1. Taking segment B:70-87 as the search range and keeping residues that are open to solvent by 10 Å² or more (accessible area, probe 1.4 Å) and among the aliphatic types (A, V, I, L, M), which one is farthest from the other protein chains (Cβ to nearest Cβ)?
2. Given B:F193, B:F182, which one is of a type outside the set (K, R) and over 22 Å from B:L60 (Cβ atoms)?
3. Identify, please: which residue in segment A:36-60 is touching a Ser or Thr at 6+ places or on another chain (Cβ under 6 Å) and more than 7 Å from every other protein chain (Cβ to nearest Cβ) and is, among those, surrounded by the fewest Cβ atoms within 10 Å (Cβ to Cβ)?
4. Report every pair of residues separated by at least 6 positions or lying on different chains whose Cβ atoms are under 8 Å apart, first residue within segment A:76-103 and closer than 16 Å to A:V30 by Cβ and more than 12 Å from chain B (Cβ to nearest Cβ), second basic (K, R) and in a loop (DSSP other than H, G, I, E, B).
5. Only strands (runs of 3 or more DSSP E) wholly contained in segment B:91-196 count here; list those with 3 or more residues that are out of contact with any strand residue (DSSP E or B) (no Cβ under 9 Å at 6 or more places or on another chain).
6. Would you tally the residues in segment B:1-30 being within 19 Å of B:L139 (Cα to Cα), at pLDDT below 95 and not acidic (D, E)?
7. Out of all the residues in segment B:93-116, which are touching a residue at least 40 places away in the same chain (Cβ under 8 Å) and at positive phi?
8. Mind checking which pairs have a first residue in segment B:117-132 that is on the phi > 0 side of the Ramachandran plot and a second that is open to solvent by 50 Å² or more (accessible area, probe 1.4 Å) and assigned to a helix (DSSP H, G or I), Cβ under 8 Å, 6 or more apart or different chains?
Amino acid sequence: MAEGRSTGEYWPNEIHRVLKEAKVRQMGYVPDAGHGALIDLFQADREVVSTVLTTEEEGVAIAAGAWLGGQRSVLLMQSSGVGNCINMLSLPAIARFPLLILVTMRGEWAEFNPWQVPMSRATQPALEAIGMKVMRAETAEDLIATVQAAADFAFDGDQQVAVLIGQRLLGRKKW
Amino acid sequence: MNAVPKLARRDAVAALLKDRKDLLVVTGLGSPTYDVHAAGDRDDNYYLWGAMGAAALVGLGLALAQPKRRVLVVTGDGEQLMGLGGLATIAAARPRNLTVAVIDNQHYGETGMQASHTGRGIDLAAIAGASGFVTAVTLRTLDEIAAVAPSFNEEGAGPRLYVIKVAADSPPRSMPSRDAVFIKNRFRAHLGFPPG
């Protein structure tokens, strides 16, 4: 069990509930330990189509197509994946597609792998540079409220929003 | 080595769309966008002017959201080469209502006709077939296109990809609106969705 997990053990269930209430019907993801439980919940959910991606920017394009076809979606990735998305984020930026991305942070809290640090440092500035609204949560309680607000902002406010999930909340990676 | 393709791209795209019923069409940046526009501007066309690599995946998201409709993506070899991983993603998703047509002139037409990988032997249809597309073939004539185009209106056993070898010519640009919000809302209105 990861450190600090006990207080937020059920946050993936709550996020899943919040996203269902927000009428999310598609989910795109690159496999990620921090999002693992949420990915499992969506894959078991027959009302949501889950699409596994080879690289994160594919999910930005799929989300645009989903919206063209009348569906709301969510995209799950790690902070390293944000760097893969930048040019593709031109599409929601210029066409004003609603976009909701949940980003698990690496490289910022009890990180043992220095290769995660540069993109971790660049994640928020890079997202803001391409025009995304960035929100951040460090506790499970805050995360649930933040995802709720981000979903409203994205789907009702036609915005592109990323929620950064602090590595402190996710806990220490065990090997 | 195959002969240099002679087929004119505008003729090829017109033939692709000739039997179109209520197909939803997504176009990749550059010449494919101009080619589809030249065949007739329609509300159910979604034109991309950037986000290279996106077209086939916008088509996937649309196909998943609209399982009762058929979706045709018209893109180029340069864009699909940038999105090779996307072929694996589409194949894994297995949409039965998505066809990707790659207009392959073996060059990067927008940037000065530099040779692309497909002109150096890389076979996009073989890559798609190995990925799991249920149909993945290369077409070289209008007759071959005419033989398959009606099937785009029908559901398949899984995703389909056609590479259409065309001459490296540059017909006059036929440009749709570059206002991406307008094109998006026009497309959504066609499907009965409000602006947004």
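1. This residue is B:L81.
2. On inspection, the qualifying residue turns out to be B:F182.
3. Among them, the one singled out is A:Q43.
4. From residues that are closer than 16 Å to A:V30 by Cβ and more than 12 Å from chain B (Cβ to nearest Cβ), the pairs are A:Q78/A:R106; A:S79/A:R106; A:S80/A:R106.
5. Of the strands (runs of 3 or more DSSP E) lying wholly inside segment B:91-196, none has at least 3 residues that are out of contact with any strand residue (DSSP E or B) (no Cβ under 9 Å at 6 or more places or on another chain).
6. Of the residues in segment B:1-30, 6 are within 19 Å of B:L139 (Cα to Cα), at pLDDT below 95 and not acidic (D, E).
7. Selection gives B:R94, B:Q106, B:M113.
8. From residues that are on the phi > 0 side of the Ramachandran plot, the pairs are B:G132/B:A92.
The values are calculated or read from the model by the stated rules, or taken from the named source; none is laboratory data. Everything numeric in this text was worked out from a predicted model, so none of it was measured. Glycine gets a Cβ as well: all are built from the backbone with ideal geometry, and neighbour counts include every protein chain shown. For the accessible areas, the whole protein counts, side chains as well, though only heavy atoms, and no ligand, DNA or RNA atoms are used. Shrake-Rupley method; radii C 1.70, N 1.55, O 1.52, S 1.80 Å.
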